[in-house]
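The values are calculated or read from the model by the stated rules, or taken from the named source; none is laboratory data. This is a predicted model, so every value here is computed, not measured. FYI the Cβ positions are ideal-geometry reconstructions off the backbone, even for glycines, and counts take in every protein chain you see.
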Amino acid sequence: MDYLIYGIFASKIKGVKMINLMQYGFIGKLDSLPSGLLNGRVIELRRKQYTVITAQGELTAILKGTLYHKAATTGDIPCVGDFVTLAINENGHSQIIELLPRCSKFSRADFSGHDARYAKTVKEQVVASNFHYVFIVVSLGQLFKISRITRYVTSSWQSGGQPVVILTKSDLVSDINTPIFDVEQAAPGVPVHAISSYTRYGIEALHPYLEPAKTVVFLGMSGVGKSSLVNALMEQDIMAVSDIRSDDNRGRHTTTHRQLLMLPSGAMIIDTPGMRELGLFGVDEGISIGFADIEILFSRCHFSDCRHQGEPGCAVQAALVEGSLPRSRWELYLSQQQENRFVDNKTAYMHDKKEKQKSLSKYNKANEKAYKKYGGKKR
């Protein structure tokens, strides 16, 4: 059965006004579900409790035990934006029994609060899913950092969404052209918009991304103005806002959990808590897309195994010398490749270690059985 946009149009059943799931961008099969089951979209996650919008309205839900254990192994834990199937419970929490296919997802490496070099485990953490655009929200204040922006851009390309850089608080700086130029140079092909949620400067330029049934995920550090931008787009103050702390130039967390909001335009936004750092996870494709101008140079090198470290006929070194490839951009590319390889290698190592532990455990159990069966003689 082909996957098609599917919606249950507004009608009244037993006095309850039905929700049009097409408005929430629902993607699923046309097959009707058995009695007691409903499809829906996760619109909020607080700890382990989900709020899911369904044809019958909002329902609270938890993960079914078997799905929880499976998700703990695979990492496919439902997140805000996901489409799911629920088993309805009229007397308590409903259960999420199936995670439906995703069309996009934003992932980061979860080092469990540690520096990547010292992390004991490296896991994929899916932050949001099923979106069309990624708004990378960056303050034009002291938190502005090109290397951080390009890491968000790389992860955004990998996610399957279109990255868009939003430079906030333009009313607080005298020059917005220079940072716009710097971002455009560091991230070719990525739209860049300078806005002010306070004066509403530049807000109209965001409207083409905010079409009905489209979903946008907001990403960025704390204090960069995500909540203020949400309020500006919602045309009402629904999110608490706070400024950058003066003692360390870091932002206070005003968004404490992930949630999906419907804008007056009919578009949806997924707001996420601020991320102090973004760990790259499995971003080979994202790097190739974001740095396509660099990787195309590799095919022009004289040697197919050129390491771009001074070999004769190296197209990369030639571009660096003539200035067509800025050295800062080349260094960003090398830095992201290095981090990506580290995470991939660490993930593979931890996977192999876990598989060896499983094999050893099976062997020990089998040995114990043999010990009991054959009168104390181990294999």
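For the range 55-85, a residue qualifies if it is under 17 Å from S129 (Cβ atoms) and at pLDDT 85 or above, and the qualifying residues are A61, L63, I77, P78, C79, V80, G81, D82, F83, V84, T85.
The condition (being in a loop (DSSP other than H, G, I, E, B) and surrounded by 15 or more Cβ atoms within 10 Å (Cβ to Cβ)) is satisfied by just one residue among V183, V224: V224.
If you take the residues of the range 53-84 that are in contact with a Gly (Cβ under 8 Å, 6 or more places away or on another chain) and farther than 18 Å from V127 by Cβ, which of them is surrounded by the most Cβ atoms within 10 Å (Cβ to Cβ)? Let's see the steps before the verdict.
Of the residues in the range 53-84, the ones in contact with a Gly (Cβ under 8 Å, 6 or more places away or on another chain) are 53-55, 59, 83-84.
Subset that is farther than 18 Å from V127 by Cβ: 53-55, 59.
Details: I53: 20, T54: 23, A55: 19, L59: 18.
Taking the candidates together, the pick is T54.
Among the residues of the range 254-261, some residue qualifies, meaning at least one is in contact with a helix residue (DSSP H, G or I) (Cβ under 9 Å, 6 or more places away or on another chain), crowded, with 18+ Cβ neighbours inside 10 Å and at pLDDT 90 or above.
Summed over the range 189-228, the residues that are within 22 Å of K105 (Cα to Cα) and not β-branched (V, I, T) give a count of 17.
Looking at the range 202-224, can you tell me whether even one residue there is more than 23 Å from the chain's Cα centre (by Cα), within 23 Å of A267 (Cβ to Cβ), at pLDDT 90 or above and not hydrophobic (A, V, I, L, M, F, W, C)? First the steps, then the outcome.
Taking the range 202-224 first, the residues more than 23 Å from the chain's Cα centre (by Cα) are 202-205.
Adding the requirement that they be within 23 Å of A267 (Cβ to Cβ) leaves 202-205.
Subsequent filtering for residues that are at pLDDT 90 or above retains 202-205.
Checking which are not hydrophobic (A, V, I, L, M, F, W, C) leaves us with 202, 204.
Among the residues of the range 202-224, at least one is more than 23 Å from the chain's Cα centre (by Cα), within 23 Å of A267 (Cβ to Cβ), at pLDDT 90 or above and not hydrophobic (A, V, I, L, M, F, W, C), which makes the answer yes.
Consider the range 280-327 and keep the residues that are among the polar types (S, T, N, Q) and outside any loop (DSSP other than H, G, I, E, B). The one that is surrounded by the most Cβ atoms within 10 Å (Cβ to Cβ) is Q317. Evaluating Q236 against the criteria (1) under 19 Å from the mean Cα position of the chain (by Cα); (2) at pLDDT below 95 leaves one unmet condition, (1).
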